[in-house]
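Below is one structure; the comments refer to it alone.
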Amino acid sequence: MAADPEQLRAWLTARSLARGLPPPVEEFGGLRVDTNSDKEVRRWVFAEVVPGIAQLAHSIREQRNFIKLCGTEAEVREVLCQRWAIQSGSWFMALGSGPPAAEPLPGGYLLERMHNGSVTGVEIRTEEGELAASGFAAETPQAFVYDRIETDAAHRRRGLGRAVMAALGSSRQSPPARQLLMATAEGEKLYSS
């Protein structure tokens, strides 16, 4: 299940921009991003299985270094050594040509947009100020990337995730830029609809 390498590069470049990270660099036949967060030091992302993955997997000795592969679990198991743990999958997705359709917010919620260059943030809060949903998007000439779309568990099933996506999508300046995102299993259901 290989991904288009140029789309993957475009996604990772814009994702890095959205998170204030350095741009990806080529390494081991894939792309490396130095994330330097509490959960992750760096990640390598591969569009498909390449010989460099096994070499990389054997060379890493520190915790919090991740290898991401657009492929099946069987493909991942085949190239990684035994000491690696495989996490649940994510989906690399491309949205259609237009932004997600906007729907009115339910009563009791307020939406705020923030812009910082080519990065847009959206927060939906209750009238009392509690954060209910949020997300970010970043745009490059090659891609418009949705990132970190989250809805608090107490506020789910009210259309807030869709509202965040629509508000972010409305900030897209370049219609030819492909709309891309990485989704969890739960998010994949939302974005597929």
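The values are calculated or read from the model by the stated rules, or taken from the named source; none is laboratory data. Remember, it's a predicted structure, so these values are computed and weren't measured experimentally. Glycine also receives a Cβ, built like all others from the backbone with ideal geometry; neighbour counts cover every protein chain displayed. The protein model used for the area step is the full one, side chains on, heavy atoms only, and it has no ligands, DNA or RNA in it. Shrake-Rupley method; radii C 1.70, N 1.55, O 1.52, S 1.80 Å.
Listed by first and then second residue, the pairs linking a residue in region 158-176 that is among the hydrophobic types (A, V, I, L, M, F, W, C) to a residue that is surrounded by fewer than 16 Cβ atoms within 10 Å (Cβ to Cβ) and at pLDDT below 90, with Cβ atoms under 6 Å apart and 6 or more places separating them unless they lie on different chains, are A166/A102. The number of residues in region 1-35 being in a strand (DSSP E or B) and open to solvent by 70 Å² or more (accessible area, probe 1.4 Å) comes to 1. Could you please find all residues in region 108-133 being of a type in the set (S, T, N, Q) and either open to solvent by 20 Å² or more (accessible area, probe 1.4 Å) or in a loop (DSSP other than H, G, I, E, B) (or both)? The answer is N116, S118. Being hydrophobic (A, V, I, L, M, F, W, C) and at pLDDT 90 or above is the requirement here; does V145 meet it? In short, yes. Looking across region 83-107, just one residue is among the small types (G, A, S) and outside any loop (DSSP other than H, G, I, E, B), and that is A94.
Among the residues making up region 37-63, those that are part of a loop (DSSP other than H, G, I, E, B), farther than 23 Å from W91 by Cα, open to solvent by 50 Å² or more (accessible area, probe 1.4 Å) and not acidic (D, E) are R61, Q63.
Check whether at least one residue in region 55-76 is touching a Pro at 6+ places or on another chain (Cβ under 6 Å) and either modelled with pLDDT under 95 or not charged (D, E, K, R) (or both), and report yes or no. No, that holds for no residue. In region 77-94 there is no residue that is aromatic (F, W, Y), within 27 Å of A14 (Cα to Cα) and open to solvent by less than 30 Å² (accessible area, probe 1.4 Å). Between A137, A132, A101, the distinction of being of a type in the set (A, V, I, L, M) and either under 16 Å from the mean Cα position of the chain (by Cα) or within 19 Å of L12 (Cα to Cα) (or both) belongs to A137 only.
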